[in-house]
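Just below is one structure, and these are the notes that go with it.
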Amino acid sequence: MQALLIYDIPDDKIRKKVADICLDYGLLRIQYSAFTGVLTTTRRNELYRKIEKVLGKNPGNVQIFPICQKDLEQRVEIINV
């Protein structure tokens, strides 16, 4: 299932580690603090635990949203380059 992961992490070092983890899981960066990609429930839970470990007790907000195909097909985007 598709998933959207977004985060707000003030610490540069931790934010970089979380971004690297997302890329390791094959997620595509769609904004500076947003990634999307296919994640099974098992992989999503594994990713969550890894990020939770990296974040530790440091301030931050990480959210992972599963997105069904029907909702994904309704997505609209504006990209100006």
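The values are calculated or read from the model by the stated rules, or taken from the named source; none is laboratory data. The structure displayed is predicted, hence computed values, not measured ones. Using ideal geometry, Cβ is built from the backbone for each residue, glycine included, and neighbour counts are taken over all protein chains shown. All accessible areas refer to the heavy atoms of the entire protein, side chains included, with ligands and DNA or RNA removed. Shrake-Rupley method; radii C 1.70, N 1.55, O 1.52, S 1.80 Å.
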Note to self: Among the residues in the range 12-24, are any part of a loop (DSSP other than H, G, I, E, B), among the aliphatic types (A, V, I, L, M) and open to solvent by 70 Å² or more (accessible area, probe 1.4 Å)?
What the structure shows: no
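Could you look through the range 53-81, keep only residues that are open to solvent by 100 Å² or more (accessible area, probe 1.4 Å) and either assigned to a helix (DSSP H, G or I) or touching a residue at least 60 places away in the same chain (Cβ under 8 Å) (or both), and pick out the one that is nearest to C22 (Cα to Cα)?
The residue in question is K53.
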| message | Tell me yes or no: at least one residue of the range 34-46 is assigned to a loop (DSSP other than H, G, I, E, B), hydrophobic (A, V, I, L, M, F, W, C) and surrounded by fewer than 12 Cβ atoms within 10 Å (Cβ to Cβ). | response | no
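With respect to R15, is the statement that it is closer than 22 Å to L72 by Cβ, under 13 Å from the mean Cα position of the chain (by Cα) and not β-branched (V, I, T) true?
On the way: closer than 22 Å to L72 by Cβ: no; under 13 Å from the mean Cα position of the chain (by Cα): yes; not β-branched (V, I, T): yes.
The answer is no for R15.
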Within the range 50-81, residues at pLDDT 95 or above and of a type in the set (S, T, N, Q) come out as N58, N61, Q63
